[in-house]
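Quick note: the coordinates plus some simple rules give every number you see, no bench work behind them. Values in this document were obtained by computation on a predicted structure and should not be read as measured data. Neighbour counts are summed over all protein chains in view; Cβ atoms, including those assigned to glycine, are modelled from backbone coordinates with ideal geometry.
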Number of protein chains: 2
Amino acid sequence: MKVKSLMDKKFIKIYPDFTVQTVIDLMYKNKKFSTPIVDNDGKMVGWTTAIDLMIVSDKNIPIKDIMSPIEDVIVVNKNEPAREAVTKIVEYKVISIPVLNDEGRVVGIVRNCDITKTLSKLYDIPVHSIFKSLMGELKGISWEELMNAAAIVTKQTTGEKITGEEYEKRIKGSTFGQAIWACGGLEKFFTDLIKIGEVALARKVSCKNVIKK
Amino acid sequence: MKVKSLMDKKFIKIYPDFTVQTVIDLMYKNKKFSTPIVDNDGKMVGWTTAIDLMIVSDKNIPIKDIMSPIEDVIVVNKNEPAREAVTKIVEYKVISIPVLNDEGRVVGIVRNCDITKTLSKLYDIPVHSIFKSLMGELKGISWEELMNAAAIVTKQTTGEKITGEEYEKRIKGSTFGQAIWACGGLEKFFTDLIKIGEVALARKVSCKNVIKK
């Protein structure tokens with residue numbers, strides 16, 4: 001995923017000669033906490049935020065007099081990995097980052113809320129669907145057998161007695177995010193899944209052996 | 001994980017009788033885009049943002065005259081799951097949420113940047129450490145055998161010819177976040193890992209059989 005897939009292409013155009021009052025009006029109307037300032041070619045020349053604007057007393061001066069010049073602004077190129085924008089937001093504690101193309105023109109803004117939205121989607125994946133994938137991989141194992149195996153692994157790892165049916169109820173409506181917090185980290189979650197798969201397979205094999213005998 | 005583990009306990013105390021100018025000065029000094037307003041008991045009575053403050057012309061009026069009253073503000077209880085704060089930030093497109101205790105007192109703020117930081121930590125887990133967990137689970141499988149199995153699964157799923165050594169180089173320095181994007185989703189990533197574990201085990205078993213013969 002690249003920055004260009006994460007960015008918001010809609011942003012207000014602010015030119016260096018706009019008065020502070022005009023910029024305030026536009027930002028207030030569009031509910032924006034920050035905005036890039038561009039020249040007539042669309043190239044970025046500066047950046048301003050609502051924090052900078054609220055302390056200006058003379059609202060008739062041009063925005064270029066109080067904006068942060070481009071050399072002081074954290075920017076990201078549209079072709080960089082999306083990860084880069086996330087790292088910069090976290091590192092520099094900014095709420096948004098202007099996205100430039102190779103010519104230095106502003107083509108979008110990556111906002112913190114867009115990142116939260118994208119990252120949180122991952123957390124929203126139902127645990128149920130991960131178990132379905134696991135079942136698809138473990139050929140010949142039924143859903144019931146998988147849930148019984150999960151109950152056995154739960155008992156082994158936590159000591160808690162639980163049936164396959166109860167386990168199924170527990171994961172119903174549960175998300176990947178919740179599961180990670182619940183079992184103490186991603187690696188732990190993954191290890192438990194592998195164990196469940198192994199137990200399900202082992203039980204299947206031992207059942208077959210019993211039948212053969 | 002609960003909201004209280006995610007929140008920032010440091011926030012500026014703003015009282016309803018503070019003038020707009022005082023609030024602006026405090027927010028500017030502390031680089032805050034938003035702040036709760038509390039009564040003498042610490043109970044939340046309102047909320048304001050830099051966007052609201054930049055349009056105020058008379059800076060001598062008290063903040064209570066222009067703040068959003070508490071009934072219009074999105075809040076979260078400190079004992080709710082952290083997930084609740086994330087959902088509200090995404091749904092209402094706010095940059096931060098005040099955290100209240102059961103008595104309605106402000107005890108912290110959940111900021112969008114804190115959420116991004118927490119969520120992105122998951123993305124930063126090295127793929128390497130997930131494979132190490134897998135190896136720990138697959139008793140008797142060496143790192144080299146696991147990498148060879150991964151190369152075989154890569155060939156099966158993508159058609160690409162790759163050696164175990166090349167696979168190891170590829171995952172070196174790669175994170176969980178990159179791996180998810182690279183293989184097309186979380187479920188796909190898990191499924192591939194499970195396949196790799198199975199292939200490694202199957203190869204081990206067939207080797208043993210050869211030796212026995």
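For B:Asn77, the amide hydrogen comes within under 5 Å of the amide hydrogens of B:Leu100, counting only partners 5 or more places away or on other chains and with H modelled in the peptide plane. The mean number of partner chain beta-carbon atoms within 10 angstrom of a residue's beta-carbon across peptide A:70-82 is 0.
Within the shell of other residues whose beta carbon sits under 13 angstrom from the beta carbon of B:Asn101, the net charge comes to +2, with Lys and Arg scored +1 and Asp and Glu -1. Here the spin labels are modelled as points 7 Å beyond Cα on the Cα-Cβ line, and at A:Ser174 and A:Glu144 they lie 2.2 nm apart. Normalised by residue number, the volume inside the convex hull of the Cα atoms of region A:3-119 is 95 Å³ per residue.
Its Cα gyration tensor gives the protein assembly as shown an equivalent ellipsoid; the semi-axes, largest first and in whole Å, are 52, 27, 14.
Over the residues of chain B, the helix contribution to mean residue ellipticity at 222 nm works out to -16000 deg cm²/dmol, using -39500 (n - 2.57) for each DSSP H run of at least 4. Taking Cβ atoms as reference points and 11 Å as the exclusive limit, the residues near B:Met1 contribute a net charge of +1, counting Lys and Arg as +1 and Asp and Glu as -1. When B:Thr118, B:Thr191 are arranged by Cβ crowding within 10 Å, least crowded first, meaning fewest neighbours, the order is B:Thr118, B:Thr191. The GluC sites (Glu not before Pro) of region B:51-143 that meet both conditions, a loop assignment by DSSP and at most 14 other Cβ atoms within 10 Å of the site Cβ, are B:Glu103. With the largest listed first and rounded to whole Å, the semi-axes of the equivalent ellipsoid of region A:56-213 from the Cα gyration tensor are 53, 16, 12. What percent do you get for the relative contact order of chain B when only Cα pairs under 8 Å and 6+ apart count? Taking the mean separation of contacting Cα pairs over the length of chain B, I get 18 percent. Computed on region B:124-212, the Cα convex hull volume stands at 89 Å³ per residue.
For the peptide A:113-126, the mean number of other protein chain Cβ atoms found within 10 angstrom of a residue's Cβ is 6. Shielding by partners for peptide A:3-14, expressed as the average number of C-beta atoms from other protein chains within 10 Å of each residue's C-beta, is 0. Taking every alpha-carbon pair under 8 Å whose residues sit at least 6 apart, region A:124-212 reaches a relative contact order of 38 percent.
Among the DSSP helices (H) of chain A, those spanning at least 18 angstrom by Cα along their long axis with an average Kyte-Doolittle hydropathy of -1.0 or more are A:143-158, A:186-212; this is a geometric and hydropathy rule only.
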